[in-house]
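Comments concern the structure below.
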Amino acid sequence: MEHTRIAALLRREGGSEQVTVKGWVRTKRGNKNVAFIALNDGSCVSNIQVVVDLAKIGEEQLKPVTTGACIRVDGRLVASPGSGQGVEVQADSIEVYGTADPETYPLQKKGHSLEFLRDIAYLRPRTNTFGAVLRIRHAMAFAIHKYFNEHGFYYLHTPLITASDCEGAGAMFNVTTLDMDNPPRTDEGRIDYSQDFFGKPCSLTVSGQLEGELGALALGQIYTFGPTFRAENSNTPRHLAEFWMIEPEMAFYELDDNMDLAEDFLKYLIRYALDNCREDLEFMNKMWDKGLLERLQFVLDHDFVRLDYTEGIRILEESGRKFEFPCSWGCDLQSEHERYLVEEHFKRPVILINYPKEIKAFYMKQNADGKTVRAMDVLFPQIGEIIGGSEREADFGKLYARVNELGMNERELWWYLDTRRWGSAPHSGFGLGFERLLLFVTGMSNIRDVIPFPRTPKNAEF
Ligand code: 4AD
Ligand code: MG
């Protein structure tokens, strides 16, 4: 490669060596004698300053070098006399790869609103903010694989197209090749899915867990990391219709082991970000969330609180707080409740366990009290629920009874039930919402701003 990435150049001393840089112009300023171009190539948040002697490169040639244009610069890397950067490039020649008409290029000034940038999500990676977010996103994805690899987990690829509803919430997107204007019908007038591509109704998966459990009951410890889909019509800053989930599943883990893993895993990822994404995190801290670095460090330095759901409800009831949705035993916690426990009562992350079985999925291990299941939700400051998981029901009879009690289609789940028939084992797992993690790590407040191309109700642009 004949050019050097800007992140690497900025780490050098600058002894007048010949360099080539390629990137996109952020700004150009100057006077009659000299022009300064701030150039960025996406390798870091910082720009490199390109200094152009107008006696050497004429003004005419610099005309197309405007904000947004893509250029190649050949020159010498020298120590910079100006403040703010260690080195700069003294240009010998400039080649313009692609111009960006100032009349039409949308990213002219700094400080566009996040709402505006969402409308031009195809260009926003070129901003400092989204450059930082996307680099952090990459680093976190890498760290997730690194963590599991170091801990003896295997990456299992679970299907995206499925005929079973893992969470039992019914919020699934159908996958079909039938002619929607004129679908084949059964004698009873229903749509005849036996003529569909897969010969039965299928959907995009809401979770890889069920297949993940099969993996754990063979390989011992697996994880999935892939896109999941939910057709819930929740237009909130914390929900996407397409989001990425990380789902470890472990044989011979009970709920306590599951909690230990979740805490260790989250802390590892946060530490990895602090160690490897310093410049981007400092940028996010300065621009968007002044408490970010402190909050990340705080989570590292404190044990998570582990608390029974029943105890959590008691705290909420005794808080004297007027919640928008009042809460009593049996209710599903809203984000306002979760955040009260985390941000105001305990002031640190909370793992809430042993939820009522009615508000949790069918596969969770039933407690002896007949009312609760061995669920665990990890609740984080600013976010609320970042992880949902449980110990799984390993007993065939109990699982079978629960599936029937809930009126689920046991014929679609035969293979899952079979795992409890042969060589069943205690096992546990959880799901970490990748974008919820990124909300926490970047300090962004809307989940649409931590994924390159958000999918939300009425929005599938780009
Ligand atoms: O709590 P959930 O629904 O749990 C499961 O899907 C289990 N099968 C996971 C498991 O035990 N293997 O989802 C897990 C996490 C949530 O805690 C949240 O972080 C995230 O996924 N999540 C979403 N993130 C963005 N948009 C949505 N619509 C989300 N729904 C859940
Ligand atoms: Mg959940």
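The values are calculated or read from the model by the stated rules, or taken from the named source; none is laboratory data. Owing to the predicted nature of the structure, the values given are computational and were not obtained by experimental measurement. When we count neighbours, we look across all protein chains shown, and the Cβ atoms used for this are built from the backbone with ideal geometry, even at glycine. The protein model used for the area step is the full one, side chains on, heavy atoms only, and it has no ligands, DNA or RNA in it. Shrake-Rupley method; radii C 1.70, N 1.55, O 1.52, S 1.80 Å.
How many percent of Cα pairs in the chain exceed 34 Å?
Working: 48717 of 106491 pairs.
Result: 46 percent of Cα pairs exceed 34 Å.
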For segment 76-151 the trypsin sites (Lys or Arg not before Pro) that pass both the DSSP coil test and the at-most-13 other-Cβ-within-10 Å test are LYS109, LYS110
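Kirkwood hydrodynamic radius, computed over distinct alpha-carbon pairs, for segment 392-462: how many Å, to one decimal?
On the way: mean 1/r = 0.0637 Å⁻¹.
About 15.7 Å, per the Kirkwood formula over Cα pairs.
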Rounded to whole angstroms and listed largest first, the alpha-carbon spread of segment 315-452 along its three principal axes comes to 45, 41, 24
Sparse-neighbourhood loop hits (trypsin sites (Lys or Arg not before Pro), segment 265-324; DSSP loop; Cβ within 10 Å at most 15 others) -> LYS290, ARG321, LYS322
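Once the other residues with Cβ under 13 Å from the Cβ of LEU114 are scored (Lys, Arg +1; Asp, Glu -1), what is the net sum?
On the way: positive: ARG118, ARG124, ARG448; negative: GLU115, ASP119, ASP289, ASP449.
Net local charge, LEU114 excluded: -1.
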Helix 209-219 sits off the longest principal axis of the Cα atoms of the chain, rounded to the nearest 10 on a 0 to 90 degree scale, by 90 degrees
The distance between the Cα centres of segment 400-435 and segment 200-235, in whole Å, is 12 Å
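Could you list the chymotrypsin sites (Phe, Trp or Tyr not before Pro) in segment 70-174 that lie in coil according to DSSP, counting only those with at most 12 other Cβ atoms within 10 Å of their Cβ? Could you put the intermediate results ahead of the total?
On the way: sites: TYR97, PHE116, TYR122, PHE130, PHE142, TYR147, PHE148, PHE153, TYR154, TYR155, PHE173; in loops: TYR122, PHE153, PHE173.
Within segment 70-174, the qualifying chymotrypsin sites (Phe, Trp or Tyr not before Pro) (loop, at most 12 other Cβ atoms within 10 Å) are TYR122.
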Out of GLN366, LEU438, ALA401 - ranked by how far each Cα lies towards the positive end of the dipole of segment 356-462, with unit charges on the beta-carbon of charged residues - the top one is ALA401
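Relative to the Cα centre, what is the charge dipole magnitude of segment 419-462, using +1 at the beta carbon of each Lys and Arg, -1 at the beta carbon of each Asp and Glu, and rounding to the nearest 20 debye?
Details: 6 positive and 3 negative charges, 64 e Å.
Taking the Cα centre of segment 419-462 as origin, the dipole is about 300 debye.
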Rounded to the nearest 10, the angle in degrees between the Cα long axis of helix 396-405 and the longest principal axis of the Cα atoms of the chain comes to 90 degrees
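With only Lys, Arg, Asp and Glu charged, each at its Cβ (+1 for the first two, -1 for the last two), find how big the charge dipole of the chain is about the Cα centre; round to the nearest 20 debye.
Working: 53 positive and 68 negative charges, 297 e Å.
Dipole magnitude for the chain comes out near 1420 debye.
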Out of HIS138, TYR97, GLN85 - ranked by how far each Cα lies towards the positive end of the dipole of segment 72-177, with unit charges on the beta-carbon of charged residues - the top one is GLN85
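If you average 1/r over all unlike Cα pairs in segment 214-369 and invert the result, what Kirkwood radius do you get in angstrom?
Numbers: mean 1/r = 0.0543 Å⁻¹.
The Cα-based Kirkwood calculation yields 18.4 Å.
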Projected onto the charge dipole of the chain (unit charges on the beta-carbon of Lys, Arg, Asp and Glu, signs +1, +1, -1, -1), the Cα from HIS239, LEU316, LEU281 with the largest positive-side position is that of LEU281
At the level of C-alpha centres, the distance separating segment 341-373 and segment 113-137, in angstrom, is 36 Å
D (µm²/s, integer) via Stokes-Einstein for segment 1-101, Kirkwood Rh across alpha-carbon pairs, 4 °C, 1.567 mPa s: value 98 µm²/s
If one compares the long axis through the Cα atoms of helix 128-150 with the longest principal axis of the Cα atoms of the chain, the angle in degrees, nearest 10, works out at 50 degrees
Largest-first ranking of HIS337, HIS151 by accessible area, probe 1.4 Å, whole protein assembly kept, is HIS151, HIS337
To the nearest 20 debye, segment 92-249 has a Cα-centred charge dipole, built from +1 on Lys and Arg Cβ and -1 on Asp and Glu Cβ, of 700 debye
